Structures are given as structure tokens and as C-alpha cells.
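Here is the structure we will look at.
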Amino acid sequence: MNHVLVLEGSPRKGNTSTVVDWVLAGMGRGNKVTRVRLGELHIEPCQECFTCAGTKKAAGCAQEDDMVELYDKMIDADLVIWASPIFCWNVTGQTKMALDRCFALLTGEDLLKGSKWALVITAGGDAFDGADLAVQMFSRLARYGGIKYVGQHVVAPCPDGAKLAASAVLKKSAKGFGKELAKALRA
């Protein structure tokens, strides 16, 4: 059984959560899924103190907040799905803070090396209203950390609420991405 960790960066449960539901449905059964709403955690920003660089076999972050528990979940996951709406041409602050703190897992023995990451993005504008920047940020960080970036699903422009829920085309596309992720887990 594969362990899938979903890190949801939206400050509310809305469009991004709906798309994640569809992606997970497309992955099928047989996975242990843990969903974490980053906005419900206490995560401080990275202080760039480099305490983590002195630790080889653990995150070694000097800060004692909810990221400590999240580090273990990320290391144990077979796939981490980062999910965020685009706010002001980038991922949400909640997502970015957690992502910045992942630096502690990329020092020492590179605790994320060989893990798999995927990205789910919803955006009110088109794909060049920040979704493209988010994809570049995640794919480059994955490359730096030896993480296998298995792709992204971008819904842009994303209709709001009932229109999104009623879109058979968007639902089918998200489920299709879920099927791709299931294949990536088996590879």
C-alpha cells in the first residue's frame, strides 16, 4: 500500500480541495491518503539559520512548530501532492512557508532524495497568471533535491464553486491526472 501525502495550501476548503478530491478518486483505491491543511498548522517561516545543515540523518530545524511532524510525514510518504490556488501570481503563503522549510530536508543526507512529488494548481486567470511560475518553482526544487517530479495538474482558468463542481470535463481531466500518478507510484 502506497502512502500519499496531500499538502493543501488553500486557506479555505474550496476549488483546490474539489480538484484534489477528483485527482485522488482517479488514483483509485489501495493507497493510504493523509491530507494536511497547511493553514491549520503553526508553521513559522524559514530563518535561514542553517542549523539544519549541521544535521545529517534528520531535518535538524531549530524551530519547534508543526513542521517537525510534517517532516516525518513527508519522509515517509511515497508521493507528496502539493496543492494550492494561485494568489497574486504564486502559490499561497501557507504553501510557500512549508515549501521553504523543506530546505531542512535537503541538507545532510538529502532526506527527500528519491521521493516523488506532484503539483495541483487552481488559478482564476490563465496558466501564465502564476501557475507557470509555481510549476517552475516546484520542478526546480525537486531537481535540486533529487526528488522525482511526476507532474502537475493545472486548472486555469478555474471556474468558481458550482461551475467547477458541474464541469464533467475538468473532473475527467483531474481523474486522468490521478491515474497518471497511480502509474508513477507503481514505477
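The values are calculated or read from the model by the stated rules, or taken from the named source; none is laboratory data. Just so you know, these numbers come straight off a predicted model, no measurement behind them. Here the Cβ positions follow ideal geometry from the backbone for every residue, glycine too, while neighbour counts run over all protein chains shown.
Assorted remarks:
- Some residue of the stretch 44-58 being touching a residue at least 60 places away in the same chain (Cβ under 8 Å) and of a type outside the set (Gly, Ala, Ser): no
Table: residues versus (1) closer than 26 Å to residue 155 by Cα; (2) at pLDDT 90 or above.
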position: 3; (1), (2): yes, yes
position: 11; (1), (2): yes, yes
position: 20; (1), (2): yes, yes
position: 24; (1), (2): yes, yes
position: 28; (1), (2): yes, yes
position: 41; (1), (2): yes, yes
position: 55; (1), (2): no, no
position: 63; (1), (2): no, yes
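- The stretch 143-187, residues that are of a type in the set (Gly, Ala, Ser) and over 21 Å from the mean Cα position of the chain (by Cα): 161, 162, 165, 166, 167, 168
- Scan the stretch 116-140 for residues that are of a type in the set (S, T, N, Q) and surrounded by 22 or more Cβ atoms within 10 Å (Cβ to Cβ) and the total you get is 1.
- Residue that is in contact (Cβ under 8 Å) with a residue 24 or more places away in the chain, acidic (Asp, Glu) and within 24 Å of residue 143 (Cα to Cα), where the choices are 76, 66, 72: 76
- Test: residue in the stretch 104-114 that is acidic (Asp, Glu) and under 25 Å from residue 11 (Cα atoms): no
- Residue among 40, 8 that alone is buried (at least 18 other Cβ atoms within 10 Å of the Cβ), among the acidic types (Asp, Glu) and out of contact with any helix residue (DSSP H, G or I) (no Cβ under 6 Å at 6 or more places or on another chain): 8
- Of the residues making up the stretch 50-105, those that are surrounded by fewer than 23 Cβ atoms within 10 Å (Cβ to Cβ), among the β-branched types (Val, Ile, Thr) and either part of a helix (DSSP H, G or I) or on the phi > 0 side of the Ramachandran plot (or both) are 51, 68, 75.
- Selection status of residue 120, assigned to a strand (DSSP E or B), modelled with pLDDT of 90 or more and over 19 Å from residue 11 (Cβ atoms): no
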